[in-house]
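So the structure is just underneath, and the comments pick up after that.
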There are 2 protein chains.
Amino acid sequence: MNIQFKKGVLEICVLSVLAHKDCYGYELVGEISKRIDISEGTIYPLLRRLKDEGYVTTYLQESVEGPPRKYYRLTESGRTEEHDQKEEWMRFASSVNALLEGTTDAAD
Amino acid sequence: MNIQFKKGVLEICVLSVLAHKDCYGYELVGEISKRIDISEGTIYPLLRRLKDEGYVTTYLQESVEGPPRKYYRLTESGRTEEHDQKEEWMRFASSVNALLEGTTDAAD
DNA sequence: GTAAGTACCTTGCATAGCAAGATACTGTGT
DNA sequence: ACACAGTATCTTGCTATGCAAGGTACTTAC
């Protein structure tokens, strides 16, 4: 999978999963990996950024399966950001598709 | 427009335009900018990479409107790459869309 | 001669993803 | 008791790509 394609996209993916339910980092890796490969070395710095920007808050919760989990919850600002970034992704993706189709349909 | 979204995508956009017709750098900026912002500082290093990897060849052509134009033409290897990268983009974009829709349709 | 449009190019910066490794808790097998 | 696998957190150093800003040079028009 082209690593470059993921740049910026994993952020909206994380925001989108968190819009559905609170998650801890390790869990997010599993959720997102169902569709798109993502590693722990990516998720933790990303979550740190989201917290620094005020899009999420965190709380700790004990686990019987290992060390305590740090859960991430979307803030109101985070919900707005999720909405805006999703729209921007949709616009971007359809621009790319138009360009890829439009420039080849005469040649193909 | 989110700069990060463009990472890796501009390459397939360039390959796709070149699959349709030979272009010079300045012209590619104009073609692609119809859909996606791209600057000259991006296109020239990108074209250099494509040439180094054997996906394009170049030839000079005089112009009455300014300095000579350096045209880029896809090689066979470039056509294969264009096809493969386009498929990969399509797969990637639909994975992202599935993730963005799937994780919110229960919450929305 | 100077400004605007065309056309090429490079340098230095910012960003984000990843491999690899460090830390530590829990349960299982030996 | 010890080792290992699974869970869970985090950091460091590296890589790749896009961009602003700047430089060069040709042509036409004022």
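The values are calculated or read from the model by the stated rules, or taken from the named source; none is laboratory data. What you see is a predicted model; the values in this text were computed from it and never measured. So basically every Cβ, Gly included, is an ideal-geometry build from the backbone, and we count neighbours across all protein chains shown. The protein model used for the area step is the full one, side chains on, heavy atoms only, and it has no ligands, DNA or RNA in it. Shrake-Rupley method; radii C 1.70, N 1.55, O 1.52, S 1.80 Å.
Residues in region B:7-44 that are among the acidic types (D, E) and closer than 14 Å to B:Y72 by Cβ: B:E11, B:D22, B:E27, B:E31.
A quick yes/no check of all residues on (1) under 16 Å from B:H83 (Cβ atoms); (2) within 13 Å of DNA strand C (Cβ to nearest atom):
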site	(1), (2)
B:V14	yes, yes
B:V17	yes, no
B:V29	no, yes
B:R35	no, no
B:I38	no, yes
B:G41	no, yes
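Modelled with pLDDT under 95, exposed (fewer than 15 other Cβ atoms within 10 Å of the Cβ) and either within 11 Å of chain A (Cβ to nearest Cβ) or assigned to a helix (DSSP H, G or I) (or both): is that true of B:E65 in this structure? Here the answer is no, as B:E65 does not meet what is asked.
Put simply, of A:E81, A:E88, A:E53 the only residue that is more than 16 Å from DNA strand D (Cβ to nearest atom) and either of a type in the set (D, E) or modelled with pLDDT under 95 (or both) is A:E81. Does A:E82 qualify as being closer than 30 Å to B:K34 by Cα, open to solvent by 80 Å² or more (accessible area, probe 1.4 Å) and either in a loop (DSSP other than H, G, I, E, B) or within 12 Å of another protein chain (Cβ to nearest Cβ) (or both)? For A:E82, the condition - closer than 30 Å to B:K34 by Cα, open to solvent by 80 Å² or more (accessible area, probe 1.4 Å) and either in a loop (DSSP other than H, G, I, E, B) or within 12 Å of another protein chain (Cβ to nearest Cβ) (or both) - is not met. Candidates are the residues of region B:14-42 that are within 13 Å of DNA strand D (Cβ to nearest atom) and more than 14 Å from every other protein chain (Cβ to nearest Cβ); the one that is least open to solvent (accessible area, probe 1.4 Å) is B:G25.
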